[in-house]
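Note sheet for the following structure.
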Amino acid sequence: MNYAVLVPMIVFLLIIFFIGYWASRKLSTTSNFVSDYFLGGRELGGFVLAMTMVATYGSASSFLGGPGTAYTMGFGWVLLAMSQVVTGYFVLMILGKKYAIMARRYKAITMIDFLKSRYDSSAVVLLSALSIIIFLFSAMAAQWIGGARLVESLTGLSYNSALFLFAISVLVYVTIGGFRAVALTDAVQGAVMLIGTLILLIAVIIAGGGIPNIVNDLINENPSLVTPYGAEGDLSAAYVSSFWILVGVGVVGLPQIAVRAMSYKNSRSMHRALIIGTIVTGFIMLNMHLIGVFARPVMPGIEIGDKVIPLIALETLPPWVAGIVLAAPMAAIMSTVDSLLLLVSSSIVKDVYLNYIKPDATIKTIKRVSFGVTGILGVIVFLLALDPPDLLIFLNLFAFGGLEAAFIWPIVLGLYWKWGNKYGAIASMATGIITYIGLHFYNLENGNLFGVHTVTLPVLLSLVAFIAFSLLIGRKAYNYNASSIK
Amino acid sequence: MEETDWRFKVAHREAKIGVGLALFNFVWWFGFAYGMGSRPVEEYSYVFGLPDWFFYSCVVGFLVIAVLVIVIVKFFFTDVPFEEEEDLQ
């Protein structure tokens with residue numbers, strides 16, 4: 001076991017625990033438990049808001065898988081990854097002030113609260129709660145597996161013990177601290193990612209003898225590595241561009257991102273978050289994907305993409321620095337997991353339990369149910385991750401693209417298009433999910449339709465469905481001002 | 001006809017700016033990457049050791065967008081209150 005690597009990681013985890021504990025003390029003095037636990041009482045400042053969005057978004061797939069793919073594909077994959085810079089400003093600019101104002105007026109705490117008030121329909125609420133619970137639950141479980149594998153490869157613990165360690169650390173502070181603890185730890189984790197990737201990038205450049213030298217080695221190995229088309233020349237412009245929807249502008253439709261866009265204190269926080277978020281996202285994405293490409297001549301022959309970052313860190317850095325740097329992917333996984341856990345639990349407690357099962361629950365009951373549901377969810381995910389069933393892996397494939405296709409138009413057009421109504425929203429969600437799953441199988445069999453990523457067409461079709469059904473059935477203009485009359 | 005909340009006018013304008021910025025971002029990114037990157041590798045030049053298409057598309061592109069976001073937010077975005085005000089109606 002590598003103690004020099006392990007100790008900095010454990011210190012990191014302890015700091016995270018402390019923050020969760022501190023945030024929970026603030027929670028116990030509050031008067032509005034539900035809003036505080038699931039939304040941090042709408043008081044996030046600019047820095048924390050920016051970091052929590054970056055950290056939630058920078059999941060295991062982008063942190064371990066992304067650089068791993070860049071290692072195989074070359075500069076073409078870094079180009080693709082840079083399409084994510086747009087998320088840094090786009091989400092907050094599009095949802096922006098109108099979402100913040102409407103969410104407060106509706107007293108919305110979750111994205112579903114917003115949809116509920118806007119469309120005034122139980123079908124919309126239940127359909128969206130169901131898709132969030134199913135898809136995000138699977139996404140979360142997949143992240144737990146990734147986290148446990150990382151702990152496993154670093155510590156030499158068995159997979160089961162690694163999973164246990166990981167599960168305990170996530171559960172303790174999510175259950176106790178709620179959204180504020182999650183957002184605060186995200187801020188710390190975002191900072192760790194930022195500094196960690198920078199240190200590692202510099203170390204890799206030094207180990208490779210400077211950038212010109214590294215690029216030269218790449219050209220000697222395979223000139224295609226330095227083109228935008230990938231090592232095999234199979235990254236087409238259309239395919240890479242379609243990632244602007246999947247990981248760029250489509251992120252507006254992800255519930256875990258959208259809920260953050262209603263959590264900030266005032267417009268000044270939002271302005272700061274726009275600037276910090278854009279810079280931090282771009283910086284982290286550029287750094288960590290370049291690390292992947294530059295690692296190739298430094299450490300040739302790594303077979304498993306996910307291992308590129310851990311291996312290159314252990315190779316090029318002194319052990320204790322490697323420990324701190326490797327806390328970065330750990331941070332990315334944990335912050336994604338904890339926000340997903342909280343979101344799934346809020347869908348169950350807030351959107352289903354409080355709306356339909358027991359609307360008159362007392363504060364004490366809500367508290368008990370919230371802690372309980374969050375805890376039980378954690379235990380179920382843990383048990384599933386011990387021996388992941390195929391269905392879970394399967395659902396996880398649809399999680400991001402499917403949710404984007406389902407929610408992007410009900411949210412965006414619900415905010416800005418007065419003709420949008422519940423029929424449009426239901427049709428849009430159903431179309432998005434069904435065509436996404438259908439097209440996924442079509443693309444597996446026949447290669448990508450029109451050469452673009454699976455998410456592209458479902459997003460367009462759900463737009464058509466939203467507009468068509470809103471205009472054809474129950475056509476009525478929504479008055480955005482009316483609900484302010486008490 | 002009821003007057004539109006003034007804050008919504010601000011919000012609508014800023015959302016349009018967001019769409020415009022994303023389009024500009026995409027054109028810059030795509031133009032340099034595939035405009036310059038389609039040449040044969042032997043013709044690439046290198047800036048700070050990086051292939052020119054990549055440098056202009058991803059490194060300079062990122063810096064330009066970061067500066068634009070700062071300028072837009074500082075000079076074109078308006079502070080608005082989020083809570084409901086008494087004098088709204």
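Residues whose amide H falls under 5 Å from that of B:Val47, counting only those 5 or more places apart or on a different chain, are B:Asp52, with hydrogens built in the peptide plane.
Remark: spin-label model distance B:Ile70-A:Lys418 equals 4.0 nm, labels positioned 7 Å along the Cα→Cβ axis.
Backbone N atoms of the stretch A:414-442 closer than 11 Å to the 7 Å Cα→Cβ label point of A:Ala468 belong to residues A:428, A:431. Centroid-to-centroid, using Cα positions, the stretch A:448-481 and the stretch A:61-132 are 17 Å apart. With a threshold of 32 Å on the Cα-Cα distance, the over-threshold entries among A:Lys107/B:Lys74; A:Lys98/A:Lys367; A:Lys418/B:Lys74; A:Lys307/A:Lys350; A:Lys107/A:Lys476 are A:Lys307/A:Lys350.
The Cα-based radius of gyration and maximum Cα-Cα distance (Dmax) for the protein assembly as shown are 23.2, 72 Å.
Grab the Cα-Cα distance for A:Trp22 and A:Thr362, subtract it from 0.36 nm times how many residues apart they are, and report the gain in nm with one decimal.
Details: separation 340, 0.36 × 340 = 122.40 nm, distance 2.52 nm.
Between A:Trp22 and A:Thr362, full extension yields 119.9 nm more.
Helical content of the protein assembly as shown, expressed as a calculated mean residue ellipticity at 222 nm, amounts to -23500 deg cm²/dmol (DSSP H runs of 4 or more residues, -39,500 (n - 2.57) each, divided by residue number, nearest 500).
With the gyration tensor restricted to C-alpha atoms of the stretch A:368-486, the semi-axes of the equivalent ellipsoid amount to 32, 25, 9 Å, longest first.
If one computes P(r) from the Cα atoms of the stretch A:80-228, what percent of pairs lie at distances over 20 Å?
Values: 8103 of 11026 pairs.
Value for the stretch A:80-228: 73 percent of Cα pairs lie more than 20 Å apart.
Counting only whole DSSP H helices of chain A, the ones at least 18 Å long by C-alpha along their axis and with mean Kyte-Doolittle hydropathy no lower than 0.0 are A:3-28, A:85-106, A:137-155, A:159-207, A:267-298, A:319-346, A:363-386, A:390-416, A:422-446, A:456-472.
Remark: the stretch B:5-16, residue by residue, has Karplus-estimated 3J(HN,Hα) of 3, 4, 5, 5, 4, 4, 4, 5, 4, 5, 5, 5 Hz, where x stands for each Gly or Pro and the curve is 6.51 cos²θ - 1.76 cosθ + 1.60 at θ = phi - 60°. For chain B, with equal point scatterers placed on the C-alpha atoms only and solvent neglected, what are the log10 I(q)/I(0) values from the Debye formula at q = 0.19, 0.22 1/Å, to two decimals? Log-scaled intensity ratios, in q order: -0.90, -1.04.
Measuring nothing but how far apart in sequence close Cα pairs (under 8 Å, 6+ apart) lie, relative to its length, chain A scores a relative contact order of 30 percent. Estimated at the nearest 10 Å², the accessible area of A:Phe164 is 110 Å² with a 1.4 Å probe.
If you place +1 on the Cβ of every Lys and Arg and -1 on the Cβ of every Asp and Glu, how big does the dipole about the Cα centre of chain A come out, in debye to the nearest 20? Can you show the working numbers first?
Values: 28 positive and 20 negative charges, 540 e Å.
Magnitude of the dipole: close to 2600 debye.
Spin-label model, A:Arg475/A:Ile202: points 7 Å from Cα along the beta carbon direction are separated by 6.3 nm. Accessible area per residue (1.4 Å probe, heavy atoms of protein chains only) ranks A:Val11, A:Val78 as A:Val11, A:Val78, with the largest value leading.
Working with all protein chains in place, sort A:Trp22, B:Trp29 by solvent-accessible area computed with a 1.4 Å probe, largest first. Could the numbers behind the result be given before it?
Values: A:Trp22 130, B:Trp29 5 Å².
Output order, biggest surface exposure first: A:Trp22, B:Trp29.
What the Cβ-Cβ distance of B:Leu23 and A:Leu126 gives, at R0 = 41 Å and to the nearest 0.05, is a FRET efficiency of 0.70. The residues of chain B present an accessible area of 55 Å² per residue when probed at 1.4 Å with all protein chains retained. Here the Karplus curve 6.51 cos²θ - 1.76 cosθ + 1.60, taken at θ = phi - 60°, turns the phi angles of the stretch B:17-31 into couplings of 4, x, 5, x, 5, 5, 4, 4, 4, 5, 4, 4, 4, 5, x Hz, with x standing for Gly and Pro.
Compared with the alpha-carbon gap, the fully stretched path from A:Arg104 to A:Ala430 is longer by 114.6 nm at 0.36 nm per residue.
How high is the FRET efficiency between A:Glu315 and B:Asp79 when r is their beta carbon distance and R₀ equals 45 Å, given to the nearest 0.05? Please list the in-between numbers first.
On the way: r = 49 Å, r/R0 = 1.09.
Computed FRET efficiency for A:Glu315 and B:Asp79: 0.35.
The values are calculated or read from the model by the stated rules, or taken from the named source; none is laboratory data. On a predicted model such as this, the values are computed, not experimentally measured, just so you know. Positions of Cβ are backbone-derived with ideal geometry, glycine not excepted, and every protein chain shown enters the neighbour counts. Protein only, heavy atoms only, side chains kept; ligands, DNA and RNA dropped before computing areas. Shrake-Rupley method; radii C 1.70, N 1.55, O 1.52, S 1.80 Å.
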